[in-house]
Each structure stands twice: as structure tokens, then as C-alpha cells.
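Engineer: Below is a structure I'd like to ask you about.
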Amino acid sequence: MKFLSLSKRIHNSSFGYLPVKIVEGIVGLLTLRVYTGLFSTDIFGEYQLINPYINIVHLLLIGWIANASIRYIGQYVNSDQEERENFFSTYFIIWSLLIILASLVMVISAFLLPGVFGQMHLSLMLAILMVLVGYSFNQNILSLLLFVDKRGLNIILLLTASMGKLLLTILIYKMVGDTVLAILLSHGIIDITTGLVAMRALDIRHKVRLQSVSTEILTTFLRYGFPLIGLTLTMSLLNFSDRYVITYYFDKSYVGIYGANYALPAAIFTMIMIGMNRSYYPNLIKAYNEQDEEKVTRLLKNGTKNYILIALPAAVGLFVIAKPLATLFLDYKYVGGSHVIGIIAFGMFFLGLTEYVNKGWELKGSTVNILRNCFIAALFNMVLNILFVGKYGYIFAAYTTLFAYIIYFMLSYVFRNKAIPFYIERKAILKIVLSAFMMGIVVKGVIVWMGYSNMSTIIGIISGGLIYFILLYILGELENIKEFLKGG
């Protein structure tokens, strides 16, 4: 019974979804290793330009309704049948119309921006549209499964999609060769397939009726989600502008090298951020909707501390083992850009921490303050990239990303919503920082002592991890771990 009780607490805490994202992240790292081995730096660079552009178009035109639906589904999913039909009808019909609009934008963009998409042909255009639709399925429909007690199916589909994309890309590569088409086709096919399975599980076909579209629900979606368009634009500039500046000054092969090394810490931190966020965020929204202020404060406090507990040593570790990690997970053609890994890792740490600071505004449904802070950071990032990347090379793009994320965090903390307290326990954080720093020294020491190799890297990581948790235990920081699990 104690084991079942503990399992339930872990499941409902900010650690609950993390194991799933760890598995997905490992598959992502394996995928990166295969892709950099199969594709030339030029082709991988082309993918690093096309895929972010698809993400940007989706975020600008569709992302707002996805965010709004996740924010408000809890208010409708447990209501009467008519309310549920109104919610799903409004959401799905508007989402479908936005997909059509986004597809038209992609077609026009493909011909207006040859520097991004290269020489356009019908099969490439179809593959790009498939990725757009599939990505939207992944970001919208699959996420809703978490809020209708179908977390198990969400996990199965996510892991199936990760493995499926890798295997199908290899198969298509053998058929068409070294072309970005192999990646785009496989991603589009797999995401659309898993999205259709999710739609069937949600039983959307029986819940969607044109006459059930609610102007009241649409107004709620617009009020919450529409201001996010500006936020998503600035976040896109913050996250992706460096690639386009690099290709302007250099060529796609440099984008490929930079993007591959950027992808390593991004993959690891994505699994940490999303894994922990998806575990506790539904509980946070539920507590806020129930006006349980004490629980909201506790969830946010413990969620933040748990994030730092996992993410800070991850950033330190990535900084220390950047080159060995690149050698392990990237083809030799890409290892020259390994300095990017450690720099971006610390940037991603601050980006993830900022998400917790911003929860106060997200819960209130006010995104203007988040938009302002993000815009300032994005503008800073873009200006420095334009001024200095051409002179100092693509490595400077990594530094500007780090500086921009730090600025974003500082602005968000200073101008946070003080009505919803955001706590960082200084004593606890100092213990975590000290333990992570010592962990980094041990990892580096083991690798230098044994000599650079995959084996020394693995032993160094294991040794450093043990030192980290032993120090936390000695310093008394792990004594309240059960309380963390109870509180999320």
C-alpha cells in the first residue's frame, strides 16, 4: 500500500511525467546521431531552417487556440454533454480553419523565401504541408489527452511517434537518398497517424457539430490566446532567429553544424521542462480554478524547486562534457561546433526557470507582461546577432542566446505577478548550486584522469551523479523529497 501511495504521489507530482520525457529524449538523441550520420551538414542545415519556419507559422496562426484550449478544457470536460460538445465543436472547427490558413501561408512562403526552402517542387511542398498538419496534431490533439484521463495513451503515442520517425526516416532515406525530403515525409506521416489515433480516442467525431460552435467559448479563446500571438512571434525570434542570421552571413552547412549542437541541450532540456510541466500543470490549473490559493502557492514553489534540482546539474554536466557528448551523439562532421552545447544548456536552464516565474500571469490569463519581457529579450538577441555573428562566427549566436534568456528571466522575475507568490528558497538553491558545482568538478576530473573516451564520459557522468545526490543528502536537502512528491 505504501508503494502504491508513493507511486500515485510521484505520478501526480512534477516528477510524474518526467520518465516518459526521458525515454523520448533518449530516442531524440539517438535520432540526432542517426540524422547527422545520414545527412550532410548542408541538408541538415536545410532541415534546421525549414522546420523552425513551420513551427513559427504554426505558433503565429494556430498556437493561440492550442494554448487556450489547454487552459480552459478543465472547465468543460467534466460539465454536461452540451457544454462538452460546445467546447470541442468550437475548438476543432476553428482549429481546422486555421490549418487551412496556415497551409496557404506555407505555400506562399515556400516560393517567396528560396533562401529558406531551397528549390521548391511538388513533393517537397506536400511534405512541408504534411509536417505542418502533423505538428499541429502533435501540439494540439495529443496534449488534450492529458486532460481527459487518457495519459497512458498520450505516453504510448508520444513514444511510438519518436521511434516511428527515426525508423521511417531511415527507410525513406534508403529510397530517396541525401535529401531533406526523407526527414520531412517521415515526420509528417507519423505525426498525422498518431494525431488521428488521438482524435479517435477523444471521440471528436461525435462531439463536433457546426451548430454547437459557441461564440462565448470562442471569445474566451480569443481573449486568452490572441495576445499570445505577439508572444509566440517574439519567442520565435528569441529561439530561431540565430539560424537565419547564420545562413545570411555564411551558408546552410554552418546552420547544420550549429543546429545539431544546439539540438543536444535543447532535446535534454525539452524533456526536463515538458516532462515536469505536464506532470504538475493540470493540478496547478485545477487548484487555481478551485481558488485554492494555498495549494497553488505550494505547487508552484515545489515545482520550481524540483525543476532546479534536476535542471541545474543537467546544465553543469552538459557544459563539462560538451565535446565528449558531441563525439558520442553527433557525426564527426558536426563535432567542431561542440562549444555551442554548454552555452545553450545554461540558456535553456534560464528559459525553463522563466516558465515558472510566468505561471502567475498565465493563470490569471494576462500575457501582456510576458510579451513585453520576451520582446525586449528577443530584440536584444536579434540586434547582437546581426551586429556580431558575421564578425565572430556562429559561436557568438550561442552567447547571445544565453544572454537573452538571462535577460528574459530577470525581467520576468522583477515584473512577476506578485498576487501569486513565486518563491526561490535561497538556502536550498545554494545547496543545489554547491552540489552541482562539485558534480561538475568530479565529472571533468574523471574524464581527464581516464582520458577522453565514451567509457570515461559514461563513468564520469555516473560518478558525478552519485556525488551530486550524496552531497544533497549530506546537506539535508533530500529530507523533504516525500513532501515534494506530495505537493507536486
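FYI, it's all coordinate maths here, none of it is from the lab. Keep in mind the model is a prediction, meaning the values are calculated, not measured. Counting neighbours? That spans all protein chains shown, and the Cβs are built from the backbone with ideal geometry, glycine included.
Engineer: What does the C-alpha gyration tensor say about the overall shape of segment 71-142? Classify as rounded when a/c is under 1.5, otherwise prolate if a/b is larger than b/c, or oblate. Mind showing how you got there, number by number?
Structural biologist: On the way: a/c = 3.85, a/b = 3.31, b/c = 1.16.
Prolate is the answer for segment 71-142, as a/c is 1.5 or above and a/b outweighs b/c.
Engineer: Multiply the residue gap between residue 120 and residue 415 by 0.36 nm, knock off their C-alpha separation, and tell me the result in nm, one decimal place. Walk me through the numbers on the way to the answer.
Structural biologist: Values: separation 295, 0.36 × 295 = 106.20 nm, distance 4.52 nm.
Answer, rounded to one decimal: 101.7 nm.
Engineer: Throw me the Rg/Rh for segment 305-397, computed over C-alpha atoms with Kirkwood Rh, two decimals.
Structural biologist: Numbers: Rg = 16.4 Å, Rh = 15.4 Å.
Over the Cα atoms of segment 305-397, Rg/Rh equals 1.06.
Engineer: Just round it to a whole percent: the fraction of Cα-Cα distances in segment 114-263 exceeding 28 Å. Could the numbers behind the result be given before it?
Structural biologist: Values: 3997 of 11175 pairs.
Considering segment 114-263, 36 percent of its Cα-Cα pairs are separated by more than 28 Å.
Engineer: Using alpha carbons only, how many angstrom separate the centre of segment 395-463 from the centre of segment 210-235?
Structural biologist: Cα centroid of segment 395-463 versus Cα centroid of segment 210-235: 36 Å apart.
Engineer: Can you work out the FRET efficiency for the pair residue 203 and residue 388, with r the C-beta to C-beta distance and R0 = 56 Å, to the nearest 0.05?
Structural biologist: About 0.60, to the nearest 0.05.
Engineer: Hey, what number do you get for the chain at 222 nm if only DSSP H runs of n ≥ 4 count, each worth -39500 (n - 2.57), divided across all residues, to the nearest 500? Show your work: numbers first, answer last.
Structural biologist: On the way: 22 runs with 402 residues, N = 488.
Here the helix-only value at 222 nm equals -28000 deg cm²/dmol.
Engineer: Counting each pair of different Cα atoms once, what's the Kirkwood radius of segment 250-308 in Å, rounded to one decimal?
Structural biologist: Values: mean 1/r = 0.0732 Å⁻¹.
Evaluated over segment 250-308, this radius sits at 13.7 Å.
Engineer: Sticking with this structure for a sec: In a solvent-free Debye calculation with one equal scatterer on each Cα, what is log10 I(q)/I(0) for the chain at q = 0.10 Å⁻¹, listed in the order of the q values?
Structural biologist: Listed by q, the Debye log ratios stand at -0.79.
Engineer: Let me have the relative contact order for the chain, percent, based on Cα pairs under 8 Å that are six or more residues apart. Spell out each step's value before the answer.
Structural biologist: Details: 671 pairs, mean separation 112.5, N = 488.
Here the relative contact order equals 23 percent.
Engineer: Which ³J(HN,Hα) values, rounded to whole Hz and listed in residue order, are derived for segment 215-230 from phi using the Karplus coefficients 6.51, -1.76 and 1.60 in 6.51 cos²θ - 1.76 cosθ + 1.60 with θ = phi - 60°, glycine and proline given as x?
Structural biologist: 5, 5, 5, 4, 4, 5, 4, 5, 4, 7, x, 5, x, 5, 4, x
Engineer: Additional query: Provide Rg and Dmax in Å for segment 39-225, with only Cα atoms included in the calculation.
Structural biologist: Cα-based Rg and Dmax for segment 39-225 come out at 17.6, 55 Å.
Engineer: Grab the Cα-Cα distance for residue 109 and residue 372, subtract it from 0.36 nm times how many residues apart they are, and report the gain in nm with one decimal.
Structural biologist: Working: separation 263, 0.36 × 263 = 94.68 nm, distance 2.76 nm.
Full-extension gain reported as 91.9 nm.
Engineer: Among the listed pairs 207/359; 286/427; 364/431; 359/427; 359/444, which have their C-alpha atoms separated by more than 27 angstrom in this model? Can you show the working numbers first?
Structural biologist: Working: 207/359 31 Å; 286/427 30 Å; 364/431 32 Å; 359/427 23 Å; 359/444 36 Å.
Checking Cα-Cα distances, 207/359; 286/427; 364/431; 359/444 exceed 27 Å.
Engineer: Okay, moving on. Quick one: 49, 402, fewest Cβ neighbours within 10 Å first, how do they rank?
Structural biologist: Numbers: 49 23, 402 20.
Lowest to highest Cβ neighbour count: 402, 49.
Engineer: Now for a different question. Within 10 Å, count the other beta carbons around each residue, average over each peptide in 114-124, 284-294, and list them highest first. If you can, show how the numbers build up before the last one.
Structural biologist: Working: 114-124: 13.2, 284-294: 14.9.
The packing order, highest mean first, is 284-294, 114-124.
Engineer: Taking segment 402-453 as the region of interest, what is the percent of Cα-Cα pairs per 10 angstrom bin, listed from the shortest bin to the one with the maximum distance?
Structural biologist: Binned Cα distances yield the sequence 19, 25, 31, 16, 7, 0.
Engineer: When you take every Cα atom in segment 34-94, what is the radius of gyration, and what is Dmax, the widest Cα pair distance, in Å?
Structural biologist: Values for segment 34-94 (Cα only, Rg and Dmax): 18.6, 55 Å.
Engineer: Subtract the Cα-Cα distance of residue 175 and residue 473 from 0.36 nm times their separation in residues, and report this length gain in nm to one decimal. Don't skip to the end; give the middle numbers.
Structural biologist: Values: separation 298, 0.36 × 298 = 107.28 nm, distance 5.36 nm.
Here the segment from residue 175 to residue 473 would lengthen by 101.9 nm.
Engineer: Is there a quick way to get the dipole size of the chain? I mean about its Cα centre, with the Cβ of Lys and Arg at +1 and of Asp and Glu at -1; what is the value in debye to the nearest 20? Walk me through the intermediate numbers first.
Structural biologist: Values: 38 positive and 25 negative charges, 170 e Å.
Taking the Cα centre of the chain as origin, the dipole is about 820 debye.
Engineer: Let me ask you something else. Most exposed first by the Cβ proxy, i.e. fewest other Cβ within 10 Å, how do 449, 361, 95 rank?
Structural biologist: On the way: 449 10, 361 21, 95 17.
Ascending Cβ contact count within 10 Å gives the list 449, 95, 361.
Engineer: Which Cα, out of 59, 448, 276, lies furthest along the positive dipole direction of the chain (beta carbon charges, K/R +1, D/E -1)?
Structural biologist: 448
Engineer: May I ask you to order 170-180, 59-69 by the average number of other C-beta atoms within 10 Å around their residues, highest value first?
Structural biologist: Working: 170-180: 15.1, 59-69: 22.5.
Peptide ranking by packing, descending: 59-69, 170-180.
Engineer: Turning to a different aspect of this structure: For segment 206-327, compute Rh as the Kirkwood radius over C-alpha pairs and then the Stokes-Einstein diffusion coefficient at 10 °C and 1.306 mPa s; write the answer in µm²/s, rounded to an integer. Write down the numbers at each step before the final one.
Structural biologist: Values: Rh = 18.5 Å.
In µm²/s, the coefficient rounds to 86.
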